[in-house]
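Only one structure is covered here, and it is reproduced in the block below.
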Number of protein chains: 2
Amino acid sequence: MEDNDQLSASLEDYLETIYLIVRKKHAARAKDIADQLQVKASSVTAALRLLSEKSLVHYAPYDIITLTAEGERLARDVLKRHQALYHFLLDVLGVGEEEAETGACKLEHSISPLVLKRLISFVDFVQQCPRVGTQWVKEFNSFCQRGAMGENCIDCINDCLKKVTRKTGS
Amino acid sequence: MEDNDQLSASLEDYLETIYLIVRKKHAARAKDIADQLQVKASSVTAALRLLSEKSLVHYAPYDIITLTAEGERLARDVLKRHQALYHFLLDVLGVGEEEAETGACKLEHSISPLVLKRLISFVDFVQQCPRVGTQWVKEFNSFCQRGAMGENCIDCINDCLKKVTRKTGS
DNA sequence: GGCTTTTTTTAGGTGATACTAACTTTATAT
DNA sequence: ATATAAAGTTAGTATCACCTAAAAAAAGCC
């Protein structure tokens, strides 16, 4: 009765898509899923039967589609991976929004729990750490464009120090 | 005659494995590949026929296996992705060696050229930038263990500033 | 209600990838 | 050198994930 095995990348995509549609429209139709994933309706039917066998979706022929509790849990997990990668790609690596989105879509299926956890912490750390922060990320972008370190490292660090001193007042 | 299409993750793995075996032992046998990739010998034969059709390996039944120039080029490319990810996971995110290795193996097939380029630059930048560097990476590790920012941010930045001032002598 | 359109399912096919089992070829060891 | 072991191939099967084409069900409209 239970699903021991991991989901395939494909089924994870179906789950994620259903979750997003349900969140927006209360329930999903096969057509919505097909349009979203750019597959034919018959492929959706096949996927729904597999997900139904694994008790991840409530599905009966011609009926409306929703996620089971377990299905929703897994969908949230996929989405969490997606968003962590998206933010890393966009806010740290500084690739564009579109590239961050497609990149997250592809990578989300092969990132392990530990790497995910670390990645989330890292984006958090980069944004929180006064030694780094947003300005430093911009510095990285200049580095990428120039292909070399900037000249004004000491000024950069000094600016950073001033900012922290001012903020904490010590 | 030419291969327009992208390689599958599976064939990339075969190519990468063959490259590594050839580099170590001059030529590869099907058995080596099967052992390395944890598949049965018959699966290797099938893969070799596909790679041979794409002119990526020199292959004849019962004969020894080597890569063509194009095969080697592609194998190096996979390996480059693998190593970039490995270093990011190990040296920046600070997951262990084993996790970095398995993580790189899984992610290497779904990373785009742009993200790859950025990731390589990023690891480089983190290691070169005086504002960041090795010490900061350690700081990130503490952050991960504690789950919160450290208390001594100003000292941390001051240390960093001193180090840079000393080094450049200005 | 009945007709048309849309949606969904079914049936059947393709290609990729791996498997098992049986067979062939090559290597080894006495 | 020849029997046995190891390595490699072939043939047939299974799964996954997509497709097309055609049938069935549901929804929308007069």
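The values are calculated or read from the model by the stated rules, or taken from the named source; none is laboratory data. Model, not experiment: these values are computed from the prediction. Cβ coordinates were reconstructed from backbone atoms using ideal geometry, including for glycine residues, and neighbour counts include every protein chain displayed. Quick note on the areas: whole protein, heavy atoms, side chains included, nothing else; ligands and nucleic acids left out. Shrake-Rupley method; radii C 1.70, N 1.55, O 1.52, S 1.80 Å.
Out of the residues in the stretch B:121-162 that are open to solvent by 70 Å² or more (accessible area, probe 1.4 Å) and not acidic (Asp, Glu), which is farthest from A:GLU101 (Cα to Cα)? Result: B:LYS162.
For the stretch A:20-27, does any single residue satisfy the condition of being modelled with pLDDT under 95, within 15 Å of DNA strand C (Cβ to nearest atom) and either in contact with a His (Cβ under 7 Å, 6 or more places away or on another chain) or not in a helix (DSSP H, G or I) (or both)? Checked the stretch A:20-27: at least one residue is modelled with pLDDT under 95, within 15 Å of DNA strand C (Cβ to nearest atom) and either in contact with a His (Cβ under 7 Å, 6 or more places away or on another chain) or not in a helix (DSSP H, G or I) (or both). Out of A:THR17, A:THR102, one residue alone is within 16 Å of DNA strand C (Cβ to nearest atom) and either among the polar types (S, T, N, Q) or within 30 Å of B:PHE125 (Cα to Cα) (or both). It is A:THR17. Here is the figure for the stretch A:47-66: residues that are over 11 Å from A:TYR14 (Cα atoms) and either in contact with a His (Cβ under 9 Å, 6 or more places away or on another chain) or within 8 Å of DNA strand C (Cβ to nearest atom) (or both) total 10.
Residue pairs whose Cβ atoms lie under 7 Å apart, separated by 6 or more positions or on different chains, with the first residue in the stretch B:44-65 and open to solvent by less than 10 Å² (accessible area, probe 1.4 Å) and the second among the acidic types (Asp, Glu) and in a helix (DSSP H, G or I), are B:LEU56/B:GLU70. Whenever a residue of the stretch B:130-154 is closer than 21 Å to A:ILE154 by Cβ, its partners that are of a type in the set (Ser, Thr, Tyr), lying with C-beta atoms within less than 8 angstrom and at least six residues away or across chains, give the pairs B:CYS153/A:THR168; B:ILE154/A:THR165; B:ILE154/A:THR168; B:ILE154/A:SER170. For the stretch A:102-116, the set of residues classified as part of a helix (DSSP H, G or I) and either buried (at least 16 other Cβ atoms within 10 Å of the Cβ) or within 8 Å of another protein chain (Cβ to nearest Cβ) (or both) consists of A:THR102, A:GLY103, A:ALA104, A:CYS105, A:LYS106, A:LEU107, A:LEU114, A:VAL115, A:LEU116, listed by residue number.
Screening B:TYR86 on (1) within 14 Å of chain A (Cβ to nearest Cβ); (2) within 16 Å of DNA strand D (Cβ to nearest atom) shows it passes everything except condition (2). Exactly one of (1) part of a helix (DSSP H, G or I); (2) under 15 Å from the mean Cα position of the chain (by Cα); (3) within 16 Å of DNA strand C (Cβ to nearest atom) is unmet by A:LEU74. Its number? If we test A:LEU74 against (1) part of a helix (DSSP H, G or I); (2) under 15 Å from the mean Cα position of the chain (by Cα); (3) within 16 Å of DNA strand C (Cβ to nearest atom), just (3) comes out false.
Looking at this structure, is B:ALA34 open to solvent by 20 Å² or more (accessible area, probe 1.4 Å), near DNA strand D (Cβ under 8 Å from one of its atoms) and farther than 30 Å from B:SER112 by Cβ? When the stated conditions are applied, B:ALA34 does not pass them.
Against the condition in contact with a strand residue (DSSP E or B) (Cβ under 8 Å, 6 or more places away or on another chain) and either open to solvent by 40 Å² or more (accessible area, probe 1.4 Å) or of a type outside the set (Val, Ile, Thr) (or both), how does B:ARG29 come out, does it pass?
yes
Looking across the stretch A:77-100, the residues that are open to solvent by less than 20 Å² (accessible area, probe 1.4 Å), assigned to a helix (DSSP H, G or I) and without any contact (Cβ under 8 Å) to a residue 24 or more places away in the chain come down to A:LEU89, A:ALA100.
Comparison of A:CYS129, A:CYS144, A:CYS153 shows that the only residue that is within 10 Å of chain B (Cβ to nearest Cβ), in contact with a Pro (Cβ under 7 Å, 6 or more places away or on another chain), under 20 Å from B:ASP124 (Cβ atoms) and not aliphatic (A, V, I, L, M) is A:CYS153. Does B:THR17 satisfy being within 22 Å of the chain's Cα centre (by Cα), surrounded by 14 or more Cβ atoms within 10 Å (Cβ to Cβ), away from DNA strand D (no atom under 16 Å from the Cβ) and more than 14 Å from every other protein chain (Cβ to nearest Cβ)? No, not satisfied. Being away from DNA strand C (no atom under 16 Å from the Cβ) and modelled with pLDDT under 95 is the requirement here; does B:ASP91 meet it? Yes; evaluated as a whole, the condition is true for this residue. Only a single item in (1) surrounded by 14 or more Cβ atoms within 10 Å (Cβ to Cβ); (2) within 12 Å of DNA strand D (Cβ to nearest atom); (3) at pLDDT 95 or above; (4) over 22 Å from the mean Cα position of the chain (by Cα) is not met by B:VAL39, and it is number (4).
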